[in-house]
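The values are calculated or read from the model by the stated rules, or taken from the named source; none is laboratory data. Given the structure is predicted, the values throughout are model-derived calculations rather than measurements. Every residue, glycine among them, receives a Cβ derived from its backbone with ideal geometry; neighbour counts consider all protein chains shown. What goes into the accessible areas is simple: the full protein's heavy atoms, side chains included, and nothing from ligands, DNA or RNA. Shrake-Rupley method; radii C 1.70, N 1.55, O 1.52, S 1.80 Å.
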Amino acid sequence: AFRQYAGACRWVWNEMLRERKETYKATGKSPSMYEQKRRLTELKRQPETAWLNGIHSQVLQEPVINLHRAFVNFFEKRAKYPRFKSKRRGLGSFTFPQSVKVEGNRVWLPKIGWVRFRKSREIEGTIKRATIRHRVSGWYLSLLCEIDMPDPEPVAPTEETTVGIDLGLHDFAVLSTGERIPNPRHVRKLERKLAHTQRALSRKRKGSRRYEKQARKVARLHERVANARADFLHKLSARLVAENQGIMAEDLSVKGLARTRLAKSVHDAGWGEFLRQLAYKAEWAGKVFHRIDRFFPSSKLHMACGTLNTLSLSDRVFECQGCGTLVDRDLNAALNIKHRGLVELSPVGQPGVDARGLDVRPATAGGPG
């Protein structure tokens, strides 16, 4: 049933995308979402596509809605032009927009019935939608629930309740408290195994049973890496939000860094996803998450004396050119990020002493930290 539902949704997406392209080519206009929904009803009445009646009607409408959103995102330059979905790129997904209920370790899916599943966490609130996705390791159920979240009382961060975070590749993060969080290097750990399985895949004939079996092994390894990275980022971001009232970080250009020779390591670290998680988790908890400008010289500016030093990327520990003190580059950057964030969030935000009594230095001009 899952394969039939996923295949039907893929067929509807491809059919509606084909109709949009042909109609635009012939008339210069594309059919609207509502016109395509009516077209879907007509298809159910035709003998050659009457098999669509065996699929829940609202499930079939979801690809039409998703296609409309895809075109909106394309025209607003947030995404690429929508493409046809292939049978060979996995079995896909389908969504029930309502009428889903859970009892114990069973879920009720309209027109399919009760399905057993392994519950990873208890369901909170009212179930609004259920999406079933296929991955190489099996079928996964994702439930979207609505819960009442009380508005947390805002508390202004202070120097004692704020942490500065300097992200890097040697250490994933260095905190202003002095704590160093090692970089897990998820891809690097499985690099040899990935290379071995991919070499074995390249020796198989495409389309054969052995090729498909080996391709699943490669996909399972990539899924394992993705799951390990997500687990690490969620646990770390949740801990930082729980332990601090204010979180300061740099506004990194992850896309720019991903175009350098360090691209593989940057993608493996997952900085962009980590900062995204910090932002929404801080908002949920009523905490403050703030990004400072990426061009603020957080590493070069000595926190103690305010001297702007000249550094290369290989200088992890340097001697300050102003006071002669040995400085840890990453810890110095984390302290500067914390201080700068508090200054930018202060009611005054001007050189001197701000409203919280912090000693505020004038920002020294310079390049990126």
*Can you tell me the Rg and the Dmax, both Å, for the Cα atoms in segment 47-137?*
15.9, 44
*So for segment 98-214, what percent of the C-alpha to C-alpha distances run longer than 24 Å?*
65 percent
*Compare Val72, Val174, Val225 in a GNM of the chain, Cα atoms joined below 10 Å, and give the one with the largest fluctuation.*
Val72
*Could you name the aspartates and glutamates whose alpha carbon sits less than 16 Å from that of Lys29, not counting residues in the same chain fewer than 8 places away?*
Glu19
*Once you've got the Cα coordinates, tell me which of Lys85/Lys264; Lys80/Lys128; Lys128/Lys235; Lys85/Lys213 are over 24 Å apart.*
Lys85/Lys264; Lys80/Lys128; Lys128/Lys235
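One-quarter of the Cα convex hull surface for segment 1-60, in nm²?
Details: hull surface 16.5 nm².
Answer in nm², one decimal: 4.1.
Let me make sure I get this right: for segment 210-280, a, b and c are the square roots of the gyration tensor eigenvalues over alpha carbons, sorted descending. Under 1.5 in a/c it's rounded, otherwise prolate if a/b > b/c, else oblate. Which is it?
On the way: a/c = 4.28, a/b = 1.66, b/c = 2.57.
Oblate is the answer for segment 210-280, as a/c is 1.5 or above yet b/c matches or exceeds a/b.
Calculate the dipole size of segment 193-317 relative to its Cα centre from +1 charges on Lys and Arg beta carbons and -1 charges on Asp and Glu beta carbons; express the result in debye to the nearest 20.
Numbers: 27 positive and 11 negative charges, 313 e Å.
For segment 193-317, the charge dipole is close to 1500 debye.
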*Applying 1/(1 + (r/R0)^6) with R0 = 30 Å to the Cβ-Cβ distance of Lys128 and Ala242, what FRET efficiency is obtained, to the nearest 0.05?*
0.65
*Specify the residue with the greatest mean-square fluctuation among Asn66, Asn244, Asn336, computed from a Gaussian network of the chain linking alpha-carbon atoms under 10 Å apart.*
Asn66
*May I ask for the distance between the Cα centers of segment 268-301 and segment 87-161, given as a whole number of Å?*
27 Å
*asked:* Give me the tail of P(r) for the chain as a percent: Cα-Cα pairs with distance above 27 Å.
replied: 64 percent
_Placing +1 on the Cβ of each Lys and Arg and -1 on the Cβ of each Asp and Glu in the chain, which of His56, Thr126, Leu67 has its Cα farthest towards the positive end of the resulting dipole?_
His56
_Dipole axis of the chain (+1 Lys, Arg; -1 Asp, Glu on Cβ), positive-most option in Ala238, Leu91, Leu221_ = Leu91
*Based on the Cβ-Cβ distance from Trp51 to Arg18, what FRET efficiency comes out when R0 is 22 Å, to the nearest 0.05?*
0.75
*asked:* Counting heavy atoms of the protein chains only and a 1.4 Å probe, report the per residue accessible area for the chain as a whole number of Å².
replied: 60 Å²
_Over segment 191-342: Rg over Rh, Cα atoms, Kirkwood Rh_ = 1.12
*Two-site label geometry, Asp148 and Lys235: point separation in nm, points 7 Å out along Cα→Cβ*: 3.5 nm
*Collect residues whose amide H, placed 1.01 Å from N in the peptide plane, falls under 5 Å from the amide H of Phe289; neighbours closer than 5 in sequence don't count.*
Ile247
*Taking segment 300-341 as the region of interest, what is the percent of Cα-Cα pairs per 5 angstrom bin, listed from the shortest bin to the one with the maximum distance?*
5, 26, 38, 22, 8, 0
_Value in Å of the Kirkwood radius, where segment 159-243 supplies the Cα pairs that are averaged_ = 15.5 Å
*Can you give the Rg to Rh ratio for segment 162-201, taking only C-alpha atoms and Rh from Kirkwood?*
1.29
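So if I place +1 on the C-beta of Lys and Arg and -1 on the C-beta of Asp and Glu, and nothing else carries charge, what would the dipole magnitude of segment 76-235 be about its Cα centre? I want it in debye, nearest 20.
Values: 39 positive and 17 negative charges, 550 e Å.
Computed charge dipole of segment 76-235: roughly 2640 debye.
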*asked:* 5 Å is the cut-off here: which amide hydrogens, built 1.01 Å from N in the peptide plane, fall below it relative to Lys85, excluding neighbours closer than 5 in sequence?
replied: Asn14
*Alpha-carbon spread of segment 1-155, three principal axes, descending order, Å*: 54, 47, 29
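Counting Lys and Arg as +1 and Asp and Glu as -1, each charge on the Cβ, what is the dipole of segment 1-53 about the Cα centre in debye, to the nearest 20? Display every interim value, and only then the final one.
Working: 12 positive and 6 negative charges, 26 e Å.
Computed charge dipole of segment 1-53: roughly 120 debye.
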_Distribution of pairwise C-alpha distances over segment 77-120, 10 Å bins, in %_ = 20, 33, 27, 18, 1
